[in-house]
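Enquirer: Below is a structure I'd like to ask you about.
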Amino acid sequence: MELSELIERSKQYGMWAHVATVSESGRPYVTPVHPCWDGDRLVAMVGTDSTKARNVAANPNVSVHWQVGESTNFDSFIVWGDAVVRDDIDTKRRLWEGVFDYDLGEFAPGGPDDSPTTGFLEITPTKILWLGQFGMAGRETWTARSGG
């Protein structure tokens, strides 16, 4: 399966997912995020002083899992990748409009130019897994190495 097909499929699972990061001490940390795709990168607004941001600075390996439930036919959609927190003004301005399906100003009223503790978690996927009904209805895997 092509990356573009999996990106489109992910959009049917709603706006909420959980990102797993790993602390410098090796402890896992899972928290909800509202990710959106920016081309072939997954992005989510984060606080630059948040545990997520500190963990990514220590270890860029992350995993994002969309919520599983009756409304999603009990499908699983998981993205593994390498993450970085971007907080430069050019990135903030570029992502502020047209990428997210909510008003970022509700969380950072200063906008891209006056929200110094706001950044974006940017994830470059290395592997994507879709499991239909926990795998009983099918499985699709994409890896960066194979391209599909």
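Enquirer: Within region 40-85, work out how many residues are free of Cβ contacts under 8 Å to residues at least 60 places away in the same chain and under 13 Å from the mean Cα position of the chain (by Cα).
Expert: Here the count works out to 13.
Enquirer: Looking only at region 4-14, which residues are surrounded by fewer than 15 Cβ atoms within 10 Å (Cβ to Cβ) and within 15 Å of the chain's Cα centre (by Cα)? Lay out the reasoning, then the answer.
Expert: Here is the first cut: in region 4-14, the ones surrounded by fewer than 15 Cβ atoms within 10 Å (Cβ to Cβ) are 4-5, 8, 11-12, 14.
Of everything in region 4-14, those that are surrounded by fewer than 15 Cβ atoms within 10 Å (Cβ to Cβ) and within 15 Å of the chain's Cα centre (by Cα) turn out to be Glu8, Lys11, Gln12, Gly14.
Enquirer: With the structure loaded, tell me whether Val99 is β-branched (Val, Ile, Thr) and touching a residue at least 40 places away in the same chain (Cβ under 8 Å) or whether it fails that test. First the steps, then the outcome.
Expert: Details: β-branched (Val, Ile, Thr): yes; touching a residue at least 40 places away in the same chain (Cβ under 8 Å): yes.
The answer is yes for Val99.
Enquirer: Return the residues of region 96-107 that are surrounded by 12 or more Cβ atoms within 10 Å (Cβ to Cβ) and either within 19 Å of the chain's Cα centre (by Cα) or of a type in the set (D, E, K, R) (or both); say none if nothing qualifies. Break it down into steps so the answer makes sense when it comes.
Expert: If we filter region 96-107 for residues that are surrounded by 12 or more Cβ atoms within 10 Å (Cβ to Cβ), which is where we start, we get 96, 99-100, 104-105, 107.
Trp96, Val99, Phe100, Leu104, Phe107 - these are the residues of region 96-107 that are surrounded by 12 or more Cβ atoms within 10 Å (Cβ to Cβ) and either within 19 Å of the chain's Cα centre (by Cα) or of a type in the set (D, E, K, R) (or both).
Enquirer: Can Ala20 be described as hydrophobic (A, V, I, L, M, F, W, C), more than 15 Å from the chain's Cα centre (by Cα) and at pLDDT 95 or above? Steps first, answer last, please.
Expert: Working: hydrophobic (A, V, I, L, M, F, W, C): yes; more than 15 Å from the chain's Cα centre (by Cα): no; at pLDDT 95 or above: yes.
For Ala20, the condition - hydrophobic (A, V, I, L, M, F, W, C), more than 15 Å from the chain's Cα centre (by Cα) and at pLDDT 95 or above - is not met.
Enquirer: Now for a separate question. For the subset of region 68-93 comprising residues that are of a type in the set (Phe, Trp, Tyr) and assigned to a strand (DSSP E or B), which member is nearest to Trp16 (Cα to Cα)?
Expert: Filtering region 68-93 down to residues of a type in the set (Phe, Trp, Tyr) leaves 74, 77, 80.
Subsequent filtering for residues that are assigned to a strand (DSSP E or B) retains 77, 80.
Values: Phe77: 12, Trp80: 16 Å.
Restricting to residues being of a type in the set (Phe, Trp, Tyr) and assigned to a strand (DSSP E or B), the top hit is Phe77.
Enquirer: Moving on. I need the full set of residues from region 41-67 which are under 24 Å from Glu5 (Cβ atoms), out of contact with any Asp or Glu (no Cβ under 7 Å at 6 or more places or on another chain) and in a strand (DSSP E or B), in order please.
Expert: Taking region 41-67 as the starting set, the residues that turn out to be under 24 Å from Glu5 (Cβ atoms) are 41-44, 62-67.
After this cut, where a residue has to be out of contact with any Asp or Glu (no Cβ under 7 Å at 6 or more places or on another chain) as well, the list is 42, 44, 62-67.
Passing the criteria: Leu42, Ala44, Val62, Ser63, Val64, His65, Trp66.
Enquirer: On the given criteria, is Phe107 under 17 Å from Tyr13 (Cα atoms) and either in contact with a Lys or Arg (Cβ under 7 Å, 6 or more places away or on another chain) or at pLDDT below 95 (or both)?
Expert: Details: under 17 Å from Tyr13 (Cα atoms): no; either in contact with a Lys or Arg (Cβ under 7 Å, 6 or more places away or on another chain) or at pLDDT below 95 (or both): yes.
When the stated conditions are applied, Phe107 does not pass them.
Enquirer: So for region 26-40 (the condition being assigned to a helix (DSSP H, G or I), in contact with a Pro (Cβ under 9 Å, 6 or more places away or on another chain) and under 18 Å from Trp142 (Cα atoms)), does at least one residue qualify? Let's see the steps before the verdict.
Expert: From region 26-40, those assigned to a helix (DSSP H, G or I) are none; that's our starting set.
No, every residue in region 26-40 fails to be assigned to a helix (DSSP H, G or I), in contact with a Pro (Cβ under 9 Å, 6 or more places away or on another chain) and under 18 Å from Trp142 (Cα atoms).
Enquirer: Being surrounded by 14 or more Cβ atoms within 10 Å (Cβ to Cβ), over 19 Å from the mean Cα position of the chain (by Cα) and not hydroxyl-bearing (Ser, Thr, Tyr) is the filter; apply it to region 112-139 and report the residue that is modelled with the highest pLDDT.
Expert: Among them, the one singled out is Pro112.
Enquirer: Identify, please: which residue in region 36-77 is among the hydroxyl-bearing types (Ser, Thr, Tyr) and surrounded by 15 or more Cβ atoms within 10 Å (Cβ to Cβ) and is, among those, modelled with the lowest pLDDT?
Expert: Applying the first criterion (among the hydroxyl-bearing types (Ser, Thr, Tyr)) to region 36-77 yields 48, 50-51, 63, 71-72, 76.
Okay, now just the ones that are also surrounded by 15 or more Cβ atoms within 10 Å (Cβ to Cβ), so 48, 50, 63, 72, 76.
Values: Thr48: 96, Ser50: 96, Ser63: 98, Thr72: 70, Ser76: 87.
Per the stated criteria, the residue is Thr72.
The values are calculated or read from the model by the stated rules, or taken from the named source; none is laboratory data. These numbers come from a predicted model, not from an experiment. Heads up, the Cβs are rebuilt from the backbone with ideal geometry, glycines too, and the neighbour counts pull from every protein chain shown.
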